[in-house]
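Read the figures in this text as sums done on the coordinates, not as results from a lab. The structure displayed is predicted, hence computed values, not measured ones. Because the Cβ atoms are built from the backbone with ideal geometry, glycine has one as well, and the counts that use them run over all protein chains shown.
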Amino acid sequence: MNVTTHSYLDWIKHLPINDDDLATCTCLCCGATGLDYQYFGFEDSEFGWKIVWCKTCNVGIQISRTIIPDKTDALIDQTERDRFLEQHKRLVLIS
Ligand SMILES: [Zn+2]
């Protein structure tokens, strides 16, 4: 697959503010519609980080120091994080 390289800033400018809109957002790299996301957090902290990725080409972006919205499932446990990474081995993250 021919993947165009975009910078972190290109992605930040491109991504919708609302997570709900990611499902209808296009990928900067391959142009496919439909991005997925996952929050990662810490115990007793409202801050964490988020990974947004394209379900088609697996290019993703890691956004650090973000506020985790209420009622969002953030992965805090190391085991859960490891499981996520195991399930998403093919992600190519821009950070
Ligand atoms: Zn893509």
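With (1) on the phi > 0 side of the Ramachandran plot; (2) away from the ligand (no atom under 16 Å from the Cβ) as the list, and residue 69 as the residue in question, which single condition is left unmet?
It fails just one condition, (1).
Which residues, taken from the range 13-47, are of a type outside the set (Phe, Trp, Tyr), under 12 Å from the mean Cα position of the chain (by Cα) and away from the ligand (no atom under 16 Å from the Cβ)?
Within the range 13-47, 19, 38 qualify.
Filter the range 48-61 down to residues that are more than 11 Å from the ligand (Cβ to nearest atom) and out of contact with any helix residue (DSSP H, G or I) (no Cβ under 9 Å at 6 or more places or on another chain) and give me whichever is farthest from residue 85 (Cα to Cα).
Per the criteria, the residue is 48.
Among residues belonging to the range 1-12 that are more than 14 Å from the ligand (Cβ to nearest atom) and touching a residue at least 40 places away in the same chain (Cβ under 8 Å), point out the one that is nearest to residue 85 (Cα to Cα).
8
Out of the range 31-68, which residues are exposed (fewer than 12 other Cβ atoms within 10 Å of the Cβ) and either of a type in the set (Lys, Arg) or touching an Asp or Glu at 6+ places or on another chain (Cβ under 8 Å) (or both)?
65
Looking at (1) among the basic types (Lys, Arg); (2) surrounded by 13 or more Cβ atoms within 10 Å (Cβ to Cβ); (3) more than 14 Å from the chain's Cα centre (by Cα), which one does residue 71 not meet, given that it meets all the others?
Here residue 71 clears every test but (2).
Scan the range 54-71 for residues that are under 22 Å from residue 94 (Cβ atoms) and touching a residue at least 40 places away in the same chain (Cβ under 8 Å) and jot them down.
57, 59, 61, 63
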